[in-house]
1. Under a Cβ-only charge scheme (Lys and Arg +1, Asp and Glu -1), can you give me the dipole magnitude of the chain about the Cα centre, in debye to the nearest 20?
2. Quick one: among Glu48, Glu154, Glu121, which has the greatest mean-square fluctuation in a GNM of the chain with alpha-carbon springs under 10 angstrom?
3. Excluding same-chain residues fewer than 8 positions from Lys168, which lysines have a Cα within less than 17 Å of its Cα?
4. Relative to the present Cα-Cα distance, how much length would full extension add between Glu59 and Asn117 at 0.36 nm per residue of separation?
5. For Met182, project a label point 7 Å along Cα to C-beta. Then give me every residue of the range 114-134 with its amide nitrogen under 14 Å of that point.
6. At most 16 other Cβ atoms within 10 Å plus a DSSP loop assignment makes a site exposed; report the longest stretch of the chain without any exposed trypsin sites (Lys or Arg not before Pro).
7. Could you name the aspartates and glutamates whose alpha carbon sits less than 17 Å from that of Lys89, not counting residues in the same chain fewer than 8 places away?
8. Go ahead and estimate [θ] at 222 nm for the chain from helices alone: -39,500 (n - 2.57) per DSSP H run with n ≥ 4, summed, over the residue count, rounded to 500.
Amino acid sequence: INRNCASMEMQILSHDAVEQVEKDPEHIFIGYFSGSKTHDQDFEVAEEALLEVMKEHPEVRLKLVGVLSDRKMEKFGNKVEKLPFMDWKQLPSVMAGIDINLMPLENSLFHWCKSENKWTEAALVKVPSVMSRNCEMEYVVENGKDGWMCTTKEEWVNALEALVTDEKARKAMGEAAHQKVMEHYLTV
């Protein structure tokens, strides 16, 4: 099996994005990047936990990128920013602006084979990921060190709470993920 890797161009775009980003010091942005309407069921895996965390932490904002139904999120009004599906070359600059990356996946045979691409993209810009546990992620991620893997709503809430409430832990996890990507997931 050849693992996914980041191209030199993606590495450069990501490096530049990290160098140029100015994070909002008063808010914590959680991001979800989807490609198509088929990701609605994936998003639902983490949605209830996300709703709970957003309710408890007024400083949390949600950035939704791509095609996604967000009916339950409407009650948060301007705390939710929606961006359209975008070219992959734009992703690093948008992703560098978030603080936590979401990677929920349905629990199905098809989704058990989903790769670490979204984790890699976030790690390239030093953003930690909270994701559904699956065999592919278990192969790549050291749970609690360079990402959080979750199965239950409680695990999602605990992982999000840990990163929302502890900036130092958030940065350490993003750095650990970045280090792993730089050592093992580049084409050079």
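1. Dipole size: approximately 220 debye.
2. Maximum fluctuation in the GNM of the chain, among the listed residues, is at Glu154.
3. Lys23, Lys126, Lys145
4. Taking 0.36 nm per residue and subtracting the Cα distance, the gain is 18.1 nm.
5. From the range 114-134, the list is 123-127.
6. 24-88
7. Cross-link targets: Glu9, Asp16, Glu19, Glu121.
8. Here the helix-only value at 222 nm equals -13500 deg cm²/dmol.
The values are calculated or read from the model by the stated rules, or taken from the named source; none is laboratory data. For clarity, every value in this text was computed on a predicted model and none was experimentally measured. Note: ideal-geometry Cβ built from the backbone for every residue, glycine included; neighbour counts use all protein chains shown. Surface accessibility is based on the protein's heavy atoms, side chains included, excluding ligands, DNA and RNA. Shrake-Rupley method; radii C 1.70, N 1.55, O 1.52, S 1.80 Å.
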